[in-house]
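Take a look at the structure below.
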Amino acid sequence: MAAGIKDVLVSNQVVGRRQIEHLAKMAGQARVIVCVDDAGNVDALSEAAQKAGTTIECLVEMDVGAGRCGVEWGAPVTALAGKIAQSRGLK
């Protein structure tokens, strides 16, 4: 990637087809890690990564009490992590 950047962490969700496709293409040039808290977003990221022939790494964002974003602790975290693990193009 430009300027020798090897790792990119997006500490929020990436939404919108165009932005997700850009992220997936970037994953072909650098290690890309993105936070997710929604199963639909996981599906969109997986589709874009497969189309681009890349792999996007995902971190499950958990709600730590602020109530703004993230999934609740426990079963919702496990379910979303499982969905990521089973989605092609995601890690």
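The values are calculated or read from the model by the stated rules, or taken from the named source; none is laboratory data. In this text the structure is predicted, and so the values were computed from the model without any measurement. Using ideal geometry, Cβ is built from the backbone for each residue, glycine included, and neighbour counts are taken over all protein chains shown. Keep in mind that these areas ignore ligands, DNA and RNA; they rest on the heavy atoms of the full protein, side chains included. Shrake-Rupley method; radii C 1.70, N 1.55, O 1.52, S 1.80 Å.
A few comments on the model shown:
- Of the residues making up the stretch 72-91, just one is among the hydroxyl-bearing types (Ser, Thr, Tyr) and open to solvent by 40 Å² or more (accessible area, probe 1.4 Å), namely THR78.
- Selection count where residues are part of a helix (DSSP H, G or I), of a type in the set (A, V, I, L, M) and within 15 Å of LEU90 (Cβ to Cβ), scope the stretch 1-53: 11
- Some residue of the stretch 64-71 being within 9 Å of the chain's Cα centre (by Cα), of a type in the set (A, V, I, L, M), crowded, with 19+ Cβ neighbours inside 10 Å and over 14 Å from VAL15 (Cβ atoms): no
- Qualifying residue in the stretch 69-88 (condition: touching a helix residue (DSSP H, G or I) at 6+ places or on another chain (Cβ under 6 Å), on the phi < 0 side of the Ramachandran plot and polar (S, T, N, Q)): yes
- Lone unmet requirement of (1) surrounded by 14 or more Cβ atoms within 10 Å (Cβ to Cβ); (2) at pLDDT 95 or above for GLN13: (2)
- Flag if LEU45 is open to solvent by 80 Å² or more (accessible area, probe 1.4 Å) and touching a residue at least 12 places away in the same chain (Cβ under 8 Å): no
- Some residue of the stretch 30-41 being touching a helix residue (DSSP H, G or I) at 6+ places or on another chain (Cβ under 9 Å), open to solvent by less than 70 Å² (accessible area, probe 1.4 Å), more than 25 Å from ILE5 (Cβ to Cβ) and of a type outside the set (D, E, K, R): yes
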